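The values are calculated or read from the model by the stated rules, or taken from the named source; none is laboratory data. Predicted model only: the values in this text are computed from it and were never measured. Every residue, glycine as well, gets a Cβ built from its backbone with ideal geometry; the counts of neighbours run over all protein chains shown.
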Amino acid sequence: MILFSCVAAQGAIHGKKIYAHYFPPYPLSVDNREYRYDWYTEQRFIGGDEKKNHKRPDGVIEDRPLPIEIRDGSSWKVDNLAAEIALARSFGIDGFVVDIMGDDEIFHGFFKDLLEAVDRNNLGFEIVLMPDMESKWSLDRKRIANLVCRYANHAAITRVNGRIVLSPYNAESSPMKKDIDGYLIDDDWWRSLILKDIPDLCRERVFFLPLFQGLSKYFSRYEDFSDGFADWGMRDPAGVDYLLASYLEISKKYPDKVPFFPVSPQDSRPKDKIYWEAGGGQLFLSSFAAADQISNSWIHLITWNDYGENTQIAPSCKTGYAFLSYLKAWKLKTSSDELIYFHRPNFVSDYDEKTGWRKMVLSSTASNAIGVFLNVEEKSTLVVEINTSRYYFSSTPGGNYFSIPMQTGNPNFKVFRDTGPVISLASSCRIGREGFDRDYGYCAGSSLNPIPPVIQSLCAQWTN
């Protein structure tokens with residue numbers, strides 16, 4: 001499967017805006033404690049002790065940010081946010097879409113720190129406001145108007161032609177008005193907020209970019225006063241083409257509206273014991289391939305850091321820099337030799353009677369495969385070794401994807417050309433977990449942007 005031809009497009013840079021969805025509950029560090037005893041470790045392991053190397057049966061995460069040093073001083077939260085922004089920018093991300101879950105001191109404290117971190121970096125990083133319409137506070141139009149106006153003067157807030165971008169999450173689910181028969185969507189609520197409440201309060205105009213879970217179902221009711229459109233997206237590669245068709249249909253009808261296209265790496269949720277089959281790297285890669293077909297789209301990376309749903313692309317113990325590395329290759333159309341692997345740390349099934357984990361009904365059949373994305377400048381040979389098995393593939397120049405059946409053990413990946421070895425990379429995740437210690441999220445790694453060995457050793461509890 002050829003993803004793109006890097007050599008043919010060498011040096012070409014995508015003009016698409018790329019924003020990553022930032023989920024405030026999962027920063028680089030929640031408590032500024034040593035990684036062995038911090039919040040992430042406590043949420044994953046029994047007792048939070050590195051010697052008790054078993055998952056909590058009620059754990060809410062399968063992965064964590066790469067361990068960092070404890071920071072001195074009272075500005076550690078700002079320091080960490082500044083580090084995340086600099087990292088995101090270095091991989092081609094233009095800004096964060098911030099999930100606004102509350103209108104309280106906790107959120108405003110976080111947002112103040114975030115804007116300070118943006119100012120500190122001075123990298124032209126942007127912030128898109130995304131009120132979470134699943135939160136009760138967002139049912140009050142005045143509170144959303146106040147929030148928009150409160151931060152309107154900050155240079156980092158994303159604007160289009162001078163208008164503030166407002167992109168509510170699940171725009172279709174609220175606001176609501178109570179009726180005898182239950183709750184009904186109020187058609188005039190959004191229109192009044194966008195065209196009256198915010199302009200009256202602070203004389204700001206809004207660029208309205210609503211996000212739905214069901215774009216084709218809901219957008220027609222918003223099309224006359226929306227400036228763009230977005231969907232939360234699919235978590236299965238089989239659904240990407242269906243979503244793309246909806247985007248292309250709306251774009252054809254409204255060529256001036258901005259399509260905000262979702263790209264997600266995977267989705268598995270320990271709290272709910274559900275997962276969607278991402279097919280290794282195929283969900284992520286096919287979503288970018290789809291975005292290439294929409295000429296004026298922005299990219300919505302879902303997510304930067306939601307470890308609760310395992311959709312993060314930020315550097316983590318289990319996935320390293322793999323997703324960011326592919327993003328950069330896609331955006332820059334680079335021709336650097338690179339290998340990215342994808343596999344789970346254990347075998348999975350559609351339903352696990354022992355643990356209660358289940359695959360979502362509309363998702364593809366559970367996959368027990370090792371996937372390899374290989375981007376090479378010249379024709380090369382890929383060798384995958386695991387235990388006593390060895391698999392060979394011939395790769396053409398550009399981006400190619402290969403897969404082999406999973407086996408227990410540690411996969412090793414090598415790339416050769418006539419001139420000699422080009423790439424050698426070992427997976428940081430061992431395949432073979434059993435029982436309640438099994439994970440449903442993928443491991444991944446990049447040869448071009450590997451986790452430093454010292455940090456990888458600190459992650460061993462999460463990957464073996």
(message) Can you tell me which of (1) part of a helix (DSSP H, G or I); (2) touching a residue at least 60 places away in the same chain (Cβ under 8 Å) is the one Pro265 doesn't meet?
(response) (1)
(message) Please go through the range 129-147 and give me each residue that is surrounded by fewer than 16 Cβ atoms within 10 Å (Cβ to Cβ) and within 17 Å of Phe23 (Cα to Cα), ordered by number.
(response) Glu134
(message) Residues that are on the phi < 0 side of the Ramachandran plot, crowded, with 18+ Cβ neighbours inside 10 Å and polar (S, T, N, Q): list the strands (runs of 3 or more DSSP E) wholly contained in the range 345-464 that include at least 2 such residues.
(response) 398-405
(message) Here is a list: Ile294, Ile299, Ile250. Which entry is in contact with a strand residue (DSSP E or B) (Cβ under 8 Å, 6 or more places away or on another chain) and more than 26 Å from Leu324 (Cα to Cα)?
(response) Ile250
(message) If Arg150 satisfies all but one of (1) more than 21 Å from the chain's Cα centre (by Cα); (2) farther than 18 Å from Ala20 by Cα; (3) at pLDDT below 95, what's the number of the condition it fails?
(response) (3)
(request) Among what's in the range 288-325 and is among the hydroxyl-bearing types (Ser, Thr, Tyr) and at pLDDT below 95, pick the residue that is farthest from Ser394 (Cα to Cα). (result) Ser297
(request) Only strands (runs of 3 or more DSSP E) wholly contained in the range 168-247 count here; list those with 2 or more residues that are at pLDDT 95 or above. (result) 206-208, 228-231
(request) Name every residue in the range 268-289 that is in a helix (DSSP H, G or I) and either among the hydroxyl-bearing types (Ser, Thr, Tyr) or farther than 11 Å from Gly239 by Cα (or both), in order of residue number. (result) Gln282, Phe284, Leu285, Ser286, Ser287, Phe288, Ala289
(request) Kindly list the number of the only condition in (1) within 14 Å of Gly399 (Cα to Cα); (2) touching a helix residue (DSSP H, G or I) at 6+ places or on another chain (Cβ under 9 Å); (3) without any contact (Cβ under 8 Å) to a residue 60 or more places away in the chain that fails for Lys328. (result) (3)
(request) Go through the range 92-113 and give me each residue that's touching a residue at least 24 places away in the same chain (Cβ under 8 Å), assigned to a helix (DSSP H, G or I) and more than 16 Å from Val148 (Cβ to Cβ). (result) Phe110, Asp113
